[in-house]
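Quick notes on the structure that follows.
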Ligand code: SF4
Ligand code: SF4
């Protein structure tokens, strides 16, 4: 599992749970939780309006980052 969920930012909206291709996200007690099996696709990182999810993998950080090095 390579993502981190900031529980202070997560509102439990549930949007990310529909976008996960492997179905490892779920909302429990108004907070999102991730189970084993995340493939680090980045869907949830991009869809979360509250920026509550981040990916630990450096490649994904690059992909989801706003600035590009030139
Ligand atoms: S989309 Fe963001 S705020 Fe909504 S449940 Fe997922 S992590 Fe929480
Ligand atoms: S990075 Fe992809 S596989 Fe992992 S929890 Fe998010 S949506 Fe699911």
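The values are calculated or read from the model by the stated rules, or taken from the named source; none is laboratory data. As the structure is a computational prediction, the values presented were derived from the model and not from experiment. A quick note on method: Cβ atoms are made from the backbone with ideal geometry, for glycine too, and the neighbour counts reach across all protein chains shown.
For this structure, a couple of remarks:
- Among the criteria (1) at pLDDT 95 or above; (2) near ligand 1 (Cβ under 10 Å from one of its atoms), the one residue 3 does not fulfil is (1).
- The range 20-31, subset under 12 Å from the mean Cα position of the chain (by Cα) and surrounded by 16 or more Cβ atoms within 10 Å (Cβ to Cβ), residue nearest to residue 42 (Cα to Cα): 20
- Selection count, the range 12-43, where residues are part of a loop (DSSP other than H, G, I, E, B) and either under 16 Å from residue 54 (Cβ atoms) or more than 7 Å from ligand 1 (Cβ to nearest atom) (or both): 15
- In the range 44-68, the residue that is nearest to residue 3 (Cα to Cα) out of those that are modelled with pLDDT under 95 and assigned to a loop (DSSP other than H, G, I, E, B) is 56.
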